[in-house]
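Notes to accompany the following structure.
The values are calculated or read from the model by the stated rules, or taken from the named source; none is laboratory data. Remember, predicted model here, so these are calculated numbers, not experimental data. Using ideal geometry, Cβ is built from the backbone for each residue, glycine included, and neighbour counts are taken over all protein chains shown.
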């Protein structure tokens with residue numbers, strides 16, 4: 001289940017409009033300590049949910065979710081719609097984001113630093129901290145920061 005969610009999140013994230021990774025990181029890192037803690041992350045996720053919730057009913061329906069531009073929005077929607085009621089609540093959205101935070105926190109120190117934030121491709125897959133032009137994963141972009 002986590003693998004499916006991670007795969008869907010990665011695909012959704014990589015399909016979103018490009019932002020400079022540093023600008024997004026700095027926007028999320030509200031206290032300026034060069035680390036994103038869970039509270040900063042979840043605050044930003046909550047704001048993103050509100051932006052995506054166009055009809056302001058406190059749920060994301062399939063159409064609102066498809067507006068993210070993700071080619072796998074249906075799969076991701078299904079994963080986040082934990083009670084399968086056809087809508088994603090803010091709670092469902094945040095729980096999915098919490099799982100994503102844990103995945104991003106490679107060294108398990110309860111923070112996402114710039115190395116963990118910037119994941120780049122190499123021949124064998126994903127590698128942290130390699131300086132290339134374009135990250136394979138643009139973390140948090142699904143959340144529209």
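Computed values, structure above
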read-out	value
Whichever residue in segment 76-85 is over 15 Å from the mean Cα position of the chain (by Cα) and farther than 18 Å from residue 50 by Cα and, among such residues, is surrounded by the fewest Cβ atoms within 10 Å (Cβ to Cβ)	84
Selection from segment 26-48 of residues that are within 19 Å of residue 102 (Cβ to Cβ) and either free of Cβ contacts under 8 Å to residues at least 24 places away in the same chain or in a helix (DSSP H, G or I) (or both)	28, 29, 38, 39, 40, 41, 42, 43, 44, 45, 46, 48
Boolean, residue 41 is crowded, with 18+ Cβ neighbours inside 10 Å and within 24 Å of residue 118 (Cβ to Cβ)	yes
All strands (runs of 3 or more DSSP E) inside segment 96-137 with 1 or more residues being at pLDDT below 60 and closer than 29 Å to residue 78 by Cβ	119-122, 125-128
